[in-house]
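Worksheet: one structure, shown below.
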Amino acid sequence: MTQVVSREQRCGLLADAEPDELRALADECLADGGDVRVLVGPEVGFVTAQIREPVAAERFLLGDVLTCRAEVELDGHRGWAMRLGDDRAAVLAAAVLDAEAEAGRPHAEAVHRLCAHVAGRRADRDDAEWAELAPTVVEFEELT
Amino acid sequence: MGYSGARGGLEAILAAEDLVRRARDHAAAPWAPTEQITARFRLAVDRVMGEAGLHHEDTSAAALRQAEGDPLEASHLVRAHRSRLPRLAVSEPVDPDEMVVLRRIVPAFREPDGPQLLGRTTDYTGRLLEQPSGPPAPAPKPDTEVRERTEEQRRPGRFLDLLRKLDLVVDHRRVDDPEPVDITRTPARPPAERSAALASMARAETGALVALWYRSILGPDGDIHEVTLGEVRHGRLPLRVRHPHTGNPVCVGRFRVTEAEAIEDLDGADEDRSRFDVGYGLCFGHNERKAIAMANLDVANRRFGRTGPLEQLLLLTTDGLDSGGFLEHLKLPHYVTFRSMVERKQAMRAAAEAAEGPRVAEPAGQECR
Amino acid sequence: MTSTLDALAATAEDTLTLGILDEGAKREIRRATLTAVCVPGYQVPFGSREMPVARGWGSGGLQITLAVIGADDTVKVIDQGDDAGVNATNLRRMIASTTGCADTADTREATIVQTRHRVPEEHLADGQVLVLQVPVPEPLRGVQKSVVECARMHAEGDYSAMWVSLYEDLVRNGMITRTTGYPVLVDGRYVLATTPIPRWDVPRLHDSEHLSLFGAGREKRIYAIPPHTDVRPLTFDDVPFEVEYTPGAACVLCGHDDVFLVAAGTSGAYACSDTEWCARVREADADLTAHRDRAPLHLLPDPATRLTGTTTTTPRPQRARPAPTPGQDWALRVDGLGKVFGAGGADAVPGTGPESGSAISPTTGAIVAAWDVSFDVAPGEALGVIGESGSGKSTALACVIGDEQATAGTVRLAALDEGRTDLLTLPPEARRRLRIDSMAVVHQNPAAGLDLRVSAGGNIAERLTAAGWRSYHGIRERAAELLDRVEVPLSRMDDPVRTFSGGMRQRVQIAKALATEPPVLLLDEPTTGLDASVAAGVLDLLRGLLSERDIAAVVVSHDFAVIEALTDRTLVMQLGRVVERGLTDQLFHDPHHPYTQRLVAAARR
Amino acid sequence: MPVLSIRALRKSFTLHTIDGRTVASLHGVDLDVEEAEHVALAGPSGAGKSSLLRCVHRTYLPDSGSVRLGDTELTSLPDRAMARLRGREFGYVSQFLSAPPRTGPLDVVAASARRRGLDPSEARDAAADSLRRLNLDETLWDVDCSVLSGGERQRVNLAAGTVRPPRLLLLDEPVSALDPANREAALDLIEALREHGVAVLAVFHDLDAMRRLATRVVLMRDGLIADQGAPADLLETV
């Protein structure tokens, strides 16, 4: 399995994973009774979406996006996760998986596989989405 | 201490609440689960997300269900919910050029960079009321053939950039990069930074914003200025925050927005008539009406905001919670103020009776040369 | 199997049992409240949060209460004086259930009283906090629609528009007809809206022992009246402030008449609005004597003293005329004044002016509207500035007035700091202040100097109240005197100026300009736009006024007849420059500059 | 020292509106007027008589030369000082009244007297006296000047010019519109100024007035003084 994902990419992919996938894998990670502590949350809050608009290159605050985040320590390695929505169990699980991968613990490879799986699913969804959208493109006669 | 204030009021309130719950939650109809509301009332959900200023479909849907479909009441529920939550971060500045489009129309150009993508729209469908007697027949299998696509098809270049290439736009680009105003912490009042006006419009009530836009064109203080829609899009933008351990940006998810660019022909004495001005609109969810009104009002505010009432109207009268709340408060008891008003009217009358003739209140003032 | 994850999630469950405000918001509101206490009467903006109650249902008061309340506090909530009102009930259960504090109906036990539209009849003591729900915090809303302008008026303490509205009320209705939310002056500085509490309660805010906090959630403002603060209802010195009173009315329940009464039923009966007080009176659990002493019975309406009371000749504020400084005989002096519209400032000047035949800078494209304009005017002297439109005469005057920001030069007034201060260095508010009593302006368009909706007397009252006049009768006398002098019939004094003809409006504007006897008068095309015969009348008036007063006048006009009639000396301006200056009759009979000769030739035609 | 001393006074007009043509008016005039001396300017029209009066009053700005009132040089006096001097230290009585309308004769004359230093009640007495001497009907004293006839207005004008007279008076055809009877009264009034030591420099439209009033006649021609002398000597030669 290729390991080119950065920590940021991994966090991004875990944020996109399904809650059930995260919880199942996190439970496996924790099954060995590793030393785990919850440092932050999991708490529900919001991230304020800051936009740099294109007309004057000026920043403004569009509004807030409901998010949740968690941070854990697993065998001395810190794991952090944030995702949209308010599924606190999912974000805590993601933080555990982040720590698992950071610590290089036994399930680190499984975490990478999950990330790859999420990435693949995202590509599939993009394909499916475009398959539905493409027919709605207005096709003009070629102008020469 | 014999006096207890808690007399009839509380019981009546509890009974009213109870009546709502029974009639709404236990109505003789199937329960509407959240996913049904987000799937079947997509645009209502999106509208609530925008007006509440909180992007989360399920929360909006729950609010709509609790509010029995009243979008303003639903926005109130979501905003009050937001007041209880902490701000976890402010995102890295989002570049709207990163938008993956689901729909994109450029009315001012036949063949712009990238596609004219109709997407999911009923714009071209006759408005005929369908009255199905039951659920539709099973859906035909969608065409899932993988189609080639270019980067430009999913992330088309914006029309504004084309105008820039043609040197047809007044350049407003700032180099000083001021901190954006947070209107949830600092009330937006005129004179305000543009960032405050944009933020106010982004969470304004859709109807109020559209009405204000229309007033700016046809109202007594309006100006029938040339309105051209440069571009409108619906799509997804990435939300990135700084990773607390590495300090690098992390994309924690994507949120849907509607974006619009309004092109305005300049005709003022001190304006550059050889170029266009461009206004910007962006709001949560799929709400083209709001984004287009916002883009037009952005230019109108730059041009006429300070010389007329527009800026004050925009900042102080378009928030649905403000206007709706003030209206709702009229239902509260007002007998103290009313009694005070009646007293003055009686005093005026008593004074008139005591005086020699009836006093002419508010002299009309005859016209004279 | 319960996973570790489930357990972890459970331990964090309590984070959702939040209050209705997050802690950061509470801190912010406390900070704003503290600022409000430090600057009594000032409306402090704050990041008002959305509450589970609608904007207008007490969201501002609720935020203050939630921010300042502690678990050991006892809260009382009333609406219209009634603990059982639906709004009061609603807010009380919300506050009590989310903070864990005790609630009470007994004012004496409460540490915090949140209220809508009433101050309790019971005495509020040192340490008690009254939180008032405010629907509309801006007292100036009725007289000024622009929030920017309202902010300026507060910043400058410029409340003359408010005084004019009281004056107009008295003129039209014979009494001040304002009802609840009566405006008060706090600590001699800020005008504040007393929420809509009845006038009956307003005296209770003055020199109180308790702290009053005002929260406007929708308009996102907090303001305060700290204990022992001076709070005066706005009224003229010779017009008493009146509280609500209906002769013979008393509470059907307790029988008392020294309380604020509201209608009870529809048959004309009255009852206490403060239900707790009324109940305790009936239970003999109230100090009636102390209450009667507190009641504003001395402020009951007395038609005899209302307006019929003859002038209690309060002394008029008189501004001491500065003694002329030896060796300096000017009242107004302008040196090197210049105004460039557009880019470049002084660098845009070369290549413009009469020699170049253009006011537009060949290098920057800026318009050099006026440059190097210098003159001075002595008391008793009138100076003319003549030129065609576009010559820069009105721009130069606008720079002196302060309506335009000058690009260069200095402007000095003998009345200000003995002429040492350059007006152009003063902030806008200081220049506005000077226009009240040091340098009056008569505009071409009367609407620019007058409020056409207001009566002739009211327009003069605006200037007088701005200068500190506070006697209604004194103001009327002075206004009558001025209107008589400018030949406006006194029968028209109380009519809105919009019903006046152009010439009459201009006369009212002149009367207003002279109201405070300013040492300098600036007239911008004072008769332009009037019919010839009307203009002649206004000109005669000005001529008479200038000759009988020791005023220094500057008259700007394109019309030689106006300049000739009013002035002794004149500047001729063309394309932004002064091209000739001299005695007015000399310029008319012996003009030297080609441009002046053209003007004269045109005038003689 | 003469009350008025004029030296080498020149005045010409450049008419920019007509091709920049220059028209000469005074070519170098020298003239002294002593206390109580009444000098009449004579000569054909266009000779420069009125120009000379206006140059003294500075309604015309002289090109060069000197005009001294006592020891004050008028040609270089700042505008404001000149404006103050006018009417107070010397007066100019034109043919026409330019009184503010809506003021009556008495007010017009009294205002002039006040400018010359009398207090309000003194000024009214002096004004009444002047108007009486000019036979202006008392019923007209408070009517608006604009309704008066030409002769009445000229008398008001003369009264205003001569009330509480200054050291020097410049008279420009002050009795031209008067009928014979009123003309006599006016001439008497002017003549009486001599008793107060007032110096007069005047242009009269008729020889009778000159004969009657002038202590000296100055004959002007083409912007120069052609001759001067006693009226009896000079006027016979004209």
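Distance between Cα centroids, segment C:365-399 to segment C:414-454: provide it in whole Å.
17
Per residue of segment C:240-247, what does 6.51 cos²θ - 1.76 cosθ + 1.60 with θ = phi - 60° give for ³J(HN,Hα)? Whole Hz please, x for Gly and Pro, Karplus curve as stated.
x, 6, 10, 9, 5, 7, 10, x
To the nearest 500 deg cm²/dmol, what mean residue ellipticity at 222 nm is calculated for chain C from DSSP H runs of n ≥ 4 alone, each contributing -39,500 (n - 2.57), summed and divided by the residues? Write down the numbers at each step before the final one.
On the way: 19 runs with 193 residues, N = 605.
The helix contribution divided over chain C gives -9500 deg cm²/dmol.
Apply 1/(1 + (r/R0)^6) to the Cβ-Cβ distance of C:ARG432 and C:ALA601, taking R0 = 41 Å, and write down the FRET efficiency to the nearest 0.05.
The pair C:ARG432/C:ALA601 has a calculated efficiency of 0.50.
Tell me the net charge near D:GLY197. Cut-off is 10 Å between Cβ atoms, D:GLY197 excluded, with +1 for each Lys or Arg and -1 for each Asp or Glu.
Its environment carries a net charge of -2.
What's the extension gain from B:ASP143 to B:ARG164 if we count 0.36 nm per residue and subtract their Cα-Cα distance?
Values: separation 21, 0.36 × 21 = 7.56 nm, distance 3.84 nm.
Taking B:ASP143 through B:ARG164 to full extension adds about 3.7 nm, to one decimal.
Once you put a point 7 Å from the Cα of D:ASP30 and another 7 Å from the Cα of D:ASP71, both along the Cβ direction, what distance in nm separates them?
2.3
Taking square-rooted eigenvalues a ≥ b ≥ c of the alpha carbon gyration tensor, is chain D rounded, prolate or oblate, where a/c under 1.5 means rounded and, failing that, a/b exceeding b/c means prolate? Provide the component values of the computation, followed by the final result.
Numbers: a/c = 1.64, a/b = 1.42, b/c = 1.15.
In terms of gyration-tensor shape, prolate.
Ordering B:PHE255, A:PHE140 from largest to smallest accessible area (1.4 angstrom probe), what's the sequence?
Result of the area sort, largest leading: A:PHE140, B:PHE255.
What full-extension length gain, to one decimal in nm, is calculated for B:ASP223 and B:GLN66 as 0.36 nm per residue of separation minus the Cα-Cα distance? Intermediate values should be presented prior to the final figure.
On the way: separation 157, 0.36 × 157 = 56.52 nm, distance 4.12 nm.
Full extension from B:ASP223 to B:GLN66 adds 52.4 nm.
Once the Cα atoms of helix C:532-548 and of chain C are each reduced to a long axis, what angle between those two axes, in degrees from 0 to 90 to the nearest 10, is obtained?
Its long axis makes an angle of about 90 degrees.
When a/c is below 1.5 the answer is rounded, else prolate if a/b is larger than b/c, else oblate, so apply that to segment B:10-83 with a ≥ b ≥ c taken from the square roots of the Cα gyration tensor eigenvalues.
Verdict is oblate for segment B:10-83.
Which whole-angstrom value gives the distance between the alpha carbon centres of segment C:461-506 and segment D:142-192?
So the two Cα centres are separated by 41 Å.
Projecting each Cα onto the charge dipole of the protein assembly as shown (Lys/Arg +1, Asp/Glu -1 at the beta carbon, about the Cα centre), which of B:GLY69, C:ALA447, C:ALA382 comes out farthest on the positive side?
C:ALA382
Using a 1.4 Å probe and ignoring any ligands, DNA or RNA, find the accessible area of B:SER133 and quote it in Å² to the nearest 10.
Number for this one is 130 Å².
As an exercise, use a Förster radius of 60 Å and the Cβ-Cβ distance of C:THR74 and C:LEU490 to find the FRET efficiency, rounded to the nearest 0.05.
After rounding, the FRET efficiency stands at 0.45.
Please sort by residue number the trypsin sites (Lys or Arg not before Pro) in segment C:93-164 whose DSSP state is loop and whose Cβ has at most 11 other Cβ atoms within 10 Å.
Counting only loop positions with at most 11 other Cβ atoms within 10 Å, the trypsin sites (Lys or Arg not before Pro) in segment C:93-164 are C:LYS145.
Quote the charge dipole size of chain C about the Cα centre in Debye, to the nearest 20; the model charges only the Cβ of Lys and Arg (+1) and of Asp and Glu (-1).
1160
Evaluate the distance, in nm, between pseudo-label points positioned 7 Å from the Cα of B:GLU353 and of C:THR305 along their respective Cα→Cβ axes.
Roughly 2.4 nm, to one decimal.
Along the charge dipole of the protein assembly as shown, Cβ charges K/R +1 and D/E -1, which of B:ALA295, D:THR139, B:PRO136 sits furthest on the positive end?
Selected residue: D:THR139.
At the nearest 100 Å², what buried accessible area, both sides summed, do you get for B and A when the probe is 1.4 Å?
6100
Measuring with a 1.4 Å probe in the full set of protein chains, what accessible area per residue, in whole Å², belongs to the protein assembly as shown?
42
Highest mean first, how do C:31-41, C:46-56 rank when packing is the count of other Cβ atoms within 10 Å averaged over residues?
C:46-56, C:31-41
Seen from all sides and averaged, what is the projected area of the convex hull of the Cα atoms in the protein assembly as shown, in nm²?
Average projection, Cα convex hull of the protein assembly as shown: 69.4 nm².
Once you order the gyration tensor axes a ≥ b ≥ c over the Cα atoms, which shape class does segment D:84-204 get: rounded for a/c under 1.5, otherwise prolate or oblate by comparing a/b with b/c?
Details: a/c = 1.45, a/b = 1.08, b/c = 1.35.
It is rounded, given that a/c, with a ≥ b ≥ c, falls under 1.5.
Suppose R0 equals 30 Å; then what is the FRET efficiency for C:HIS298 and C:LEU253 from their Cβ-Cβ distance, rounded to the nearest 0.05?
The value I calculate is 0.75.
If you add up the charges near C:ARG27, with Lys and Arg at +1 and Asp and Glu at -1, over every other residue whose beta carbon is less than 14 angstrom from its beta carbon, what do you get?
With Lys, Arg at +1 and Asp, Glu at -1, the neighbours total +3.
Test of understanding: what is the full-extension gain from C:GLU517 to C:GLU209, defined as 0.36 nm times their sequence separation minus their Cα-Cα distance?
That pair, C:GLU517 and C:GLU209, stretches by 106.5 nm at full extension.
Taking the 0 to 90 degree range and rounding to the nearest ten, how far is the long axis of helix C:456-466 tilted relative to the main principal axis of chain C, both from C-alpha atoms?
For helix C:456-466, the angle is close to 80 degrees.
Taking the simple approach of a point 7 Å from Cα along Cα-to-Cβ for both C:GLU283 and C:PHE341, what is their distance in nm?
The modelled label-to-label distance comes out at 7.4 nm.
Taking only Cα atoms, what is the 0 to 90° angle, nearest 10, from helix A:88-103's long axis to the longest principal axis of chain A?
It is inclined by approximately 70 degrees.
Is there a simple number for the mean count of other chain Cβ atoms within 10 Å of the Cβ of residues in B:324-331, and what is it?
Rounded to a whole number, the mean comes out at 6.
Taking the Cα centre of segment B:10-83 as the origin, how large is its charge dipole in debye, to the nearest 20, when only Lys and Arg (+1) and Asp and Glu (-1) carry charge on their Cβ atoms?
I would put it at about 140 debye.
In debye, nearest 20, what is the charge dipole magnitude of segment D:4-227 about its Cα centre with +1 on Lys and Arg Cβ and -1 on Asp and Glu Cβ, if you could check?
620
Using a 1.4 Å probe and counting only protein heavy atoms, arrange C:SER208, D:SER94 so the residue with the most accessible area comes first.
Numbers: C:SER208 5, D:SER94 35 Å².
Putting C:SER208, D:SER94 in descending order of accessible area: D:SER94, C:SER208.
When the distances between all Cα atoms of segment A:7-128 are binned every 5 Å from zero, what whole-number percent does each bin get?
Per 5 Å bin, starting at zero, the Cα-Cα P(r) for segment A:7-128 comes out as 2, 12, 20, 21, 16, 12, 8, 5, 3, 1, 0 percent.
Name the residues of segment B:232-256 whose accessible area falls by at least 50 Å² when all protein chains are present instead of the chain alone, probe 1.4 Å?
Output list: B:LEU239, B:HIS243, B:HIS245, B:VAL252, B:ARG254.
I'd like the distance between the alpha-carbon centres of segment C:560-586 and segment A:42-89, rounded to an integer number of Å.
Result: 71 Å between the Cα centres.
Summarise the accessible area of the protein assembly as shown (1.4 Å probe, protein heavy atoms) by the percent that is carbon and sulfur.
Carbon and sulfur atoms account for 52 percent of the accessible area of the protein assembly as shown.
The values are calculated or read from the model by the stated rules, or taken from the named source; none is laboratory data. The model shown is predicted, which means the values in this text are computed figures rather than measured ones. Counting neighbours? That spans all protein chains shown, and the Cβs are built from the backbone with ideal geometry, glycine included. Note: areas computed on protein heavy atoms with side chains; ligands, DNA, RNA excluded. Shrake-Rupley method; radii C 1.70, N 1.55, O 1.52, S 1.80 Å.
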